[in-house]
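Scroll down for the structure; my scribbles are underneath it.
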Amino acid sequence: MERTWRWFGKNDKITLAMLKQIGVEGIVTALHDVPNGEVWTRERINELKTYIEQFGMRWSVVESLPVSESIKYAGPDRDRLIDNYKQSLRNLSAEGIHTICYNFMPVLDWARTDLNHPNPNGSTNLYFSFSEFAYFDIYILGRQNAAADWEKMGHDMGRDIMSEVEKLKSDMTPEREHKLVDNIIVKTQGFVSGNIKEDDEHPIELFRQLRDLYKGITKEQLRENMRYFLEAIMPTCEECGMYMCVHPDDPPFPILGLPRIVTCDEDIKWLLSTVDNPHNGLTFCAGSLSAGAHNDVVALARKYASRSWFVHLRSCHIFHNGDFTEASHLGGRADIIELARIFEKQNPQLPMRVDHGMTMLGDESRGYNAGYSFLGRMFAMGQVQGILATVDRELGIDYRQPGFFD
Ligand code: DNO
C-alpha cells in the first residue's frame with residue numbers, strides 16, 4: 001500500500017520535510033480553513049497540491065470533504081449543499097485528486113472520554129469509558145431519555161452502568177467535568193469537523209442545538225438521507241473518476257440517542273449494495289471497526305477489500321467491561337499483519353495511513369491534535385512499514401522503498 005500520513009496543512013507542527021524523512025509517500029489532508037458547505041476552489045486546491053509536490057510527495061487522499069449536517073438530517077438547503085459538494089469534487093478531480101474520505105456521523109465525529117490514558121509502558125493512548133460517556137450524556141448534556149438508554153445499554157452489556165455513573169457523580173469536581181466536555185466535544189472535534197471549535201464559548205449549548213436538528217431521525221431515515229446523497233453525487237463521481245470512501249462510525253454503536261449507520265457487516269453491506277457503484281466505497285478503518293466487539297475485522301477486510309479505496313491501520317483493545325482503548329499497532333483486536341496481507345494482495349497502490357498513535361517521549365508537550373502525535377505515529381509507521389516490507393516479500397511484490405543506496 002502507499003504509505004500516507006494525515007497532515008493538517010501548513011500550520012501543522014509536523015512539517016512535510018519531517019514526513020519525507022520517515023518514508024511517507026503520500027499526504028492525506030483537507031482545506032481545513034474552508035467552512036463546511038462551501039465550494040473548494042481549483043485555485044486553493046492547486047496551491048496546496050503544489051506545495052505538497054515540492055517535497056516530492058503527492059496529495060493522495062482528501063480527508064475529509066465534510067458532508068454538511070443539513071445533508072445528513074435532510075434540511076431545506078440540502079440540494080444546494082449537495083451541488084456545492086459536487087462542484088468541489090469536480091475541482092479536486094481537475095487537479096488530479098480522486099479519493100475522498102468522508103463520514104456520515106450525526107453531530108459528533110469520533111468520541112473518546114480520555115485523551116491521555118496511561119499505558120503500562122509509560123506512554124498514553126485514547127480511551128472510551130462507557131460510564132464517563134453516560135455521565136456526560138445524563139448529567140452534563142441533560143438529554144431526555146439518556147438515563148433509560150444507558151440503563152438498557154448496561155443491561156445489554158451485562159454491566160451496571162447506572163451505578164457506576166452514580167459513583168462518578170459523587171466524586172465529580174467542576175474541573176473533571178470541564179475536562180470531560182473538552183475531551184468529548186471540543187478537543188476531538190474542532191480539527192476534524194469544525195462543528196465545535198476550541199474557542200467556542202458555550203460548546204454544550206452549541207452541541208445541544210446541533211443535536212436538536214436530528215429530533216425524530218431514525219436509523220432508517222438517516223440511511224435514506226445517505227442514499228439520497230450518494231445517488232445525487234454518483235453521476236459526478238463517474239464523470240470525473242472520483243472514489244468516495246465512507247469512514248466507519250467511531251465508536252461503531254449508537255450514542256447520545258443518535259443513530260449510527262456505518263458500524264458493522266450488515267451496515268456496510270447495505271451501504272455498498274443500496275448504491276451499488278464502484279465509486280461508492282469504503283475507508284477501511286481497522287481502528288473504528290475493532291472498537292466494536294461485534295466486528296471481526298479480518299473477516300470484514302476479506303469481504304470488503306474490493307470496495308475499499310483507502311485504509312486506516314490502527315487496532316483497539318476492548319476490556320472485560322466493554323471500555324476500549326487504542327492498542328499498539330502490533331496488538332489489539334485488529335490483526336494488522338493479516339490486514340496488510342489482504343490489502344497488499346488486493347492492490348499494492350492502495351493509500352494507507354497509520355491512524356492515531358500513542359503519545360510518547362515528549363509528544364505530550366507539543367500540542368498535537370488528539371491522537372495525532374508525531375513520535376507515536378512515527379513508531380507505528382515504522383512498525384507498519386516493516387510489516388509491509390515482509391508481506392511484500394512473501395507475496396513477491398516489488399518493495400517500493402529499498403534502502404537509500406540500492
Ligand atoms: C479521527 C478520525 C475521524 C475521521 C473522519 C473521516 O481521528 O478517525 O476524524 O478522519 O471522521 O471523515
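The values are calculated or read from the model by the stated rules, or taken from the named source; none is laboratory data. Only a predicted model underlies this, so the values are computations on that prediction, with no experimental measurement involved. With ideal geometry, Cβ positions are generated from the backbone for all residues, glycine too; neighbour counts draw on all protein chains shown. These accessible areas exclude ligands, DNA and RNA; they are computed on the full protein's heavy atoms, side chains included. Shrake-Rupley method; radii C 1.70, N 1.55, O 1.52, S 1.80 Å.
What the table below lists for this structure:
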item: Total lysine pairs under 23 Å (Cα atoms) in segment 114-213, excluding pairs fewer than 8 apart on one chain; result: 8
item: Candidate aspartates and glutamates for bridging to Lys345, where Cα separation is under 16 Å - those fewer than 8 sequence places away on the same chain excluded; result: Glu2, Asp335, Asp392, Glu394, Asp398
item: Per-q log10 I(q)/I(0), segment 194-322, q = 0.14 Å⁻¹ (Debye; single scatterer per alpha-carbon; no solvent); result: -0.75
item: For segment 1-79, diffusion coefficient by Stokes-Einstein and Kirkwood Rh (Cα), 4 °C, 1.567 mPa s, µm²/s; result: 94 µm²/s
item: Kirkwood Rh in Å, taken over all unlike Cα pairs in segment 1-41; result: 11.5 Å
item: Relative contact order %, segment 114-213, counting alpha carbon pairs below 8 Å whose residues are six or more apart; result: 19 percent
item: Rounded to whole Hz, the Karplus (6.51, -1.76, 1.60) HN-Hα couplings of segment 215-226, x for glycine and proline; result: 3, x, 7, 8, 4, 4, 5, 5, 4, 4, 5, 6
item: Compactness of segment 1-146 as Cα Rg over 2.2 N^0.38 Å, two decimals; result: 1.29
item: Solvent-accessible area, 1.4 Å probe, carbon plus sulfur percent, for segment 114-213; result: 51 percent
item: Rg over Rh [alpha-carbon atoms, Kirkwood Rh] for the chain; result: 0.94
item: Calculated from backbone phi, Karplus (6.51, -1.76, 1.60) coupling profile of segment 339-351 in Hz, x at Gly/Pro; result: 4, 4, 4, 4, 6, 5, 5, 5, 6, x, 9, 4, x
item: Amide proton proximity set for Val354, modelled H, under 5 Å, gap of 5+; result: Thr4, Leu313
item: Partner lysines for Lys10 [C-alpha distance under 18 Å; skip if fewer than 8 residues away on the same chain]; result: Lys20, Lys49
item: Antiparallel DSSP beta bridges within the chain, percent to nearest 5; result: 30 percent
item: Hydrodynamic radius by Kirkwood, which averages 1/r over all alpha carbon pairs of segment 114-213, in angstrom; result: 14.7 Å
item: Centre separation in Å (Cα based) which lies between segment 62-113 and segment 162-220; result: 22 Å
item: Amide H contacts of Thr99 (H built 1.01 Å from N, under 5 Å, at least 5 apart or other chain); result: Val62, Tyr243
item: When segment 310-406 is reduced to its Cα atoms, the Kirkwood hydrodynamic radius in Å; result: 14.6 Å
item: Counting all C-alpha pairs of segment 262-355, share separated by more than 16 Å (%); result: 52 percent
item: At most 10 other Cβ within 10 Å, DSSP loop - trypsin sites (Lys or Arg not before Pro), segment 206-310; result: Lys215
item: In Hz, Karplus ³J(HN,Hα) per residue of segment 195-207 (6.51, -1.76, 1.60; θ = phi - 60°; x = Gly, Pro); result: 4, 10, 10, 4, 9, 5, 7, 10, x, 5, 4, 4, 5
